[in-house]
Amino acid sequence: MPSDLKRIIEQISRDKGIEKHLLVETIEEAVRSAARKKFGNRRDMEVQFNDELGEVEIFQFRMVVETVEDEQTQVSLEEASALDPGVKVHDEIGTKMDNIADLGRIAAQSAKQVIIQMMKDAELDVIYDMYKDRKGEIVNGIVQRFERGNMIINLGRTDAILPHSEQIPKRSFRQGDRIRALLLDVRQSAREQQLILSRTNNDFLIKLFEMEVPEIAEGIVKVMGVSREPGFRAKIAVSSSESDVDPIGACVGMKGSRVQNVVQELQGERIDIIPWSPDPAKFVSSSLAPAEVAMVLVDEDKNSLMVVVPDDQLSLAIGRQGQNVRLASKLLGWNIDVKSEARYAKLEEDGYRSLLNIEGVDEGVADILYDGGFRAASDLKGIDLNELEGLKGMKPERAEKLVEAIGSYLESAAAQESEKESETEDAEAEAPAKKSSGSDKVRVSELAKEAGMKSKEFADKLIQLGYEIKSYRSSVDGETADKIRQEVLGQ
């Protein structure tokens, strides 16, 4: 071993960040392994690093006997007495091996491999301990190289991997470029990269805003939710714990400087900053911006929302390939169905709804029937296959199935109507005729028609006057309808 081994150990300890005692233990184990390969496993040997001399010492322990039968484990009394005059038979004596170079080339190579491997293991432990508490933080590095679509990022002390699946699509980096990414995972493994990075994770966007917006870092402004399609568009919902702090203004910054810094880091990803609200109707109206929302119907049982928008806002609300409504749905955690006002008005018609009640008829098929002049299911009575196939947009295979479904539906509807009439006749026979008590239900939309107003505007007017009405889909009893006619319509 070189006489300056101590200096080498200290230098490696400084450069690699590995504790000195771990290096010493590694070297001792490597020399012990090499010595056993050279001299046999039956020898009782002890390896120690002499810190003062800066070298490794090997001691061999053997039993003192009168007649030596095994040179590996025994030493003669005469030879032992020369080393220690007071030694006796059956004593154990240790002798230092003066020339470690006698271990040989193969044994030395084996020792070198053990040292390299144990140093790697020690370095892995150091890296793991260094980064295990930094998971979820943003790290800075330099693009080192590319391997099968993955980026290898040099973080200074070690390398990390940015998998292809965690890279923003259609955004390129070149070797030597500086890059920032989220430390997604830290693994304690020698077979694969220890540090896994991500630029597509939602937390990466949140951390970027924390770095740019002091109010978020201080906890005044909170990020309530994020949805992303990395590289294309993102939505982030924010709220403020202080009334005098505008959460959107804080995130946008002076002349948009803060949000632009985030957009630049994400290489042009469009970011919508939305005010958070506990009211899902209000929240979804903000989430679908810049589209205007006319009405929101909330179904808490199904965790879904029907959003009605003006006809000219439908494509804007849905977005390119459904991106806008898809991101809004992810942000809220609700299913969102966007309808135009014209579509919703059609859905409100009893005749159109009766078409949808036919088995196998969705809105697309209902539209074909409706546009073909069949405004209700009852209009389809007596229709044949040729007539159905002649409708614009109707596929022959669909028409075949539809003929049977229409027949079944009309038969069922007729049976129900007959049963209802029978029940009505029985009730009239059992009880004397009496004047209506005003309990019949009247739709607000019907009252709106009488007023010559749009349904939504009329419903809003009734709400302002103190009537308990949720939307123009609501119904009121006959007495309330009469009251509305007198007070509002002047009838």
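The values are calculated or read from the model by the stated rules, or taken from the named source; none is laboratory data. Since the structure is predicted, the reported quantities are computational estimates derived from the model, not experimental observations. Glycine also receives a Cβ, built like all others from the backbone with ideal geometry; neighbour counts cover every protein chain displayed.
Computed quantities for the displayed model
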| read-out | value |
| --- | --- |
| Residue that is under 27 Å from Asp272 (Cβ atoms) and either under 16 Å from the mean Cα position of the chain (by Cα) or without any contact (Cβ under 8 Å) to a residue 40 or more places away in the chain (or both), where the choices are Phe204, Phe209 | Phe204 |
| Number of positions in region 44-70 that are farther than 25 Å from Ile116 by Cβ and charged (D, E, K, R) | 6 |
| Any hit, region 331-339, residues being in a helix (DSSP H, G or I), closer than 26 Å to Glu229 by Cα, of a type outside the set (Gly, Ala, Ser) and not assigned by TED's automatic domain parsing to the domain that holds Tyr409 | yes |
| Members of region 443-468 found to be in contact (Cβ under 8 Å) with a residue 24 or more places away in the chain, of a type in the set (Gly, Ala, Ser) and farther than 17 Å from Val308 by Cβ, listed by number | Ala451 |
| Of all residues in region 55-67 being modelled with pLDDT of 80 or more and of a type in the set (A, V, I, L, M), the one that is nearest to Glu25 (Cα to Cα) | Ile58 |
| Residue, surrounded by the fewest Cβ atoms within 10 Å (Cβ to Cβ), within region 370-389, restricted to residues that are in contact with a Phe, Trp or Tyr (Cβ under 9 Å, 6 or more places away or on another chain) and either among the hydrophobic types (A, V, I, L, M, F, W, C) or more than 20 Å from Ala413 (Cβ to Cβ) (or both) | Ala376 |
| Search result, residues across region 312-357 that are surrounded by fewer than 17 Cβ atoms within 10 Å (Cβ to Cβ), hydrophobic (A, V, I, L, M, F, W, C) and in contact with a strand residue (DSSP E or B) (Cβ under 6 Å, 6 or more places away or on another chain) | none |
| Check on Ile206, of a type in the set (Val, Ile, Thr), more than 22 Å from Lys235 (Cα to Cα) and surrounded by 14 or more Cβ atoms within 10 Å (Cβ to Cβ) | no |
| Of residues in region 249-279 being in contact with a Ser or Thr (Cβ under 9 Å, 6 or more places away or on another chain) and of a type in the set (A, V, I, L, M), the one farthest from Gln167 (Cα to Cα) | Ala250 |
| Of the criteria (1) surrounded by fewer than 17 Cβ atoms within 10 Å (Cβ to Cβ); (2) closer than 30 Å to Ser227 by Cα, which one Val307 fails | (1) |
| Extreme residue, farthest from Glu55 (Cα to Cα), among residues of region 24-44 that are over 51 Å from the mean Cα position of the chain (by Cα) and of a type in the set (D, E, K, R) | Arg42 |
| Helices (runs of 4 or more DSSP H) (entirely within region 212-303) containing at least 2 residues that are in contact with a strand residue (DSSP E or B) (Cβ under 7 Å, 6 or more places away or on another chain), hydrophobic (A, V, I, L, M, F, W, C) and crowded, with 17+ Cβ neighbours inside 10 Å | 247-252, 257-265 |
| Candidate set: region 358-369, residues that are outside any helix (DSSP H, G or I) and not β-branched (Val, Ile, Thr); chosen: the one surrounded by the fewest Cβ atoms within 10 Å (Cβ to Cβ) | Asp362 |
| Filter result (surrounded by fewer than 16 Cβ atoms within 10 Å (Cβ to Cβ), at pLDDT 80 or above and over 12 Å from Asp44 (Cβ atoms)) within region 85-96 | Pro85, Gly86, Lys88, Val89, His90, Asp91 |
| Lys170 at positive phi, of a type in the set (D, E, K, R) and at pLDDT below 80 | yes |
| Unique match (being free of Cβ contacts under 8 Å to residues at least 60 places away in the same chain, over 26 Å from Asp460 (Cα atoms), of a type outside the set (Gly, Ala, Ser) and not in a strand (DSSP E or B)) among Leu314, Leu327, Leu355 | Leu355 |
| Residue tally, condition assigned to a loop (DSSP other than H, G, I, E, B) and either crowded, with 16+ Cβ neighbours inside 10 Å or of a type in the set (A, V, I, L, M, F, W, C) (or both), over region 139-163 | 3 |
| Restricting region 12-69 to residues that are touching a helix residue (DSSP H, G or I) at 6+ places or on another chain (Cβ under 9 Å) and among the aromatic types (Phe, Trp, Tyr), the residue that is surrounded by the fewest Cβ atoms within 10 Å (Cβ to Cβ) | Phe39 |
| Number of positions in region 438-491 that are out of contact with any Leu (no Cβ under 8 Å at 6 or more places or on another chain), surrounded by fewer than 17 Cβ atoms within 10 Å (Cβ to Cβ) and not in a loop (DSSP other than H, G, I, E, B) | 15 |
| All positions within region 333-347 that are more than 13 Å from Met306 (Cβ to Cβ) and within 19 Å of the chain's Cα centre (by Cα) | Gly333 |
| Tally of residues being surrounded by 11 or more Cβ atoms within 10 Å (Cβ to Cβ) and in a loop (DSSP other than H, G, I, E, B) across region 170-182 | 4 |
| Filter pass, Glu166 being surrounded by 12 or more Cβ atoms within 10 Å (Cβ to Cβ) and of a type in the set (Asp, Glu) | yes |
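Table: residues versus (1) modelled with pLDDT under 95; (2) of a type in the set (Val, Ile, Thr); (3) in contact with a His (Cβ under 9 Å, 6 or more places away or on another chain).
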| residue | (1), (2), (3) |
| --- | --- |
| Val238 | no, yes, no |
| Leu266 | yes, no, no |
| Glu269 | yes, no, no |
| Pro280 | yes, no, no |
| Val284 | yes, yes, no |
